[in-house]
Amino acid sequence: DTEVTQTPKHLVMGMTNKKSLKCEQHMGHRAMYWYKQKAKKPPELMFVYSYEKLSINESVPSRFSPECPNSSLLNLHLHALQPEDSALYLCASSQAFNLGGSYTQYFGPGTRLTVL
Amino acid sequence: TQLLEQSPQFLSIQEGENLTVYCNSSSVFSSLQWYRQEPGEGPVLLVTVVTGGEVKKLKRLTFQFGDARKDSSLHITAAQPGDTGLYLCAGEDTGTASKLTFGTGTRLQVTL
């Protein structure tokens, strides 16, 4: 099973709302990622978690707050977003970095976020 | 900064034609992945290539990793409408296992 699931599929929110995106995988992967993808562009890395600890933050604004409550779950909390934050948000997972070999990333279907 | 250039950026062909997509860089990657993405969906992994010179086949798709692990190609034989989508190559950074460098993307449209 190489499935990563994401909820919700679509989300529309106002600039004053607080919402959360959720991601789940059951492949035993210990690295999980958040990406942002704008139309007709490749995905841009936002955050990386390794063994439930934040290991990379690509200078993402604080209105995006990631959380990894356990090895299978990854959340992205959203607050006071701007219209330019509208995009497809992708979650991915891979095996842990200290195991050697290739760290192929498996992506979820994404959450289409619209900020009004 | 590592860059991956894909060519062509856009390709429109008829069913049954063959095509090749290229993914080129001046940097060395420890591995390279190819993904296909449909509008509004996440990228779906097609293949991972790891060894320089490696060739992998997936039905009508043939993937090759360059000898120096700086470039890759995807060849599709007898394209079908179901092959339509955005093809992305992504190189794994040799220094940081957690980072992928994505290519610029090739948008393929196959018509009947």
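Derivation of every value follows stated rules applied to the coordinates shown; laboratory data play no part. As the structure is a computational prediction, the values presented were derived from the model and not from experiment. We place every Cβ from the backbone using ideal geometry, glycine too, and count neighbours over all the protein chains shown.
General observations
- Integer Hz, Karplus 6.51/-1.76/1.60 couplings in order for the range B:68-75, x for Gly and Pro: 8, 6, 10, 8, 8, 9, 10, 10
- Point-charge dipole on Cβ atoms (K/R +1, D/E -1) for the protein assembly as shown, about Cα centre, debye to 20: 320 debye
- In order through the range A:41-57: 3J(HN,Hα) via Karplus (6.51 cos²θ - 1.76 cosθ + 1.60), integer Hz, x for Gly, Pro: 10, x, x, 10, 5, 10, 9, 10, 10, 10, 6, 6, 10, 5, 10, 9, 10
- The base-10 log of I(q)/I(0) for the protein assembly as shown, evaluated at q = 0.08 Å⁻¹, reads -0.29 [Debye formula, identical scatterers on Cα atoms, solvent excluded].
- The range B:1-77 versus the range A:44-82: alpha-carbon centroid distance in Å: 29 Å
- Looking at the range A:1-67, the chymotrypsin sites (Phe, Trp or Tyr not before Pro) that sit in a DSSP loop and have at most 13 other Cβ atoms within 10 Å of their own Cβ are A:Tyr51.
- Basic side chains Lys and Arg get +1 at the Cβ, acidic Asp and Glu get -1 at the Cβ, and with that the dipole of chain B about its Cα centre reaches some 160 debye.
- Each of A:Thr7, B:Ser31, A:Pro43 was placed along the dipole of the protein assembly as shown (beta-carbon charges, centred on the mean Cα), and the one lying farthest toward the positive end is A:Thr7.
- Fewest-first sequence of A:Met13, A:Met27 by Cβ atoms within 10 Å of each Cβ: A:Met27, A:Met13
- Distance histogram in 5 Å bins (all Cα pairs of chain A, percent per bin): 2, 12, 23, 26, 19, 10, 5, 2, 0
- With R₀ set to 45 Å, the beta-carbon distance separating A:Lys18 from B:Gln80 gives a calculated FRET efficiency near 0.50.
- For the residue pairs A:Lys41/B:Lys56; A:Lys40/B:Lys70; A:Lys38/B:Lys59, the C-alpha atoms sit more than 29 angstrom apart in A:Lys38/B:Lys59.
- Geometric descriptor of chain B, per residue, is 91 Å³ (volume of the convex hull of the Cα atoms).
- Residues B:Cys89, A:Cys23, sorted so that the one with the fewest Cβ neighbours within 10 Å comes first: A:Cys23, B:Cys89
- Within the shell defined by Cβ-Cβ distances under 12 Å, the residues around A:Glu58 carry a net charge of +1, with Lys and Arg each +1 and Asp and Glu each -1.
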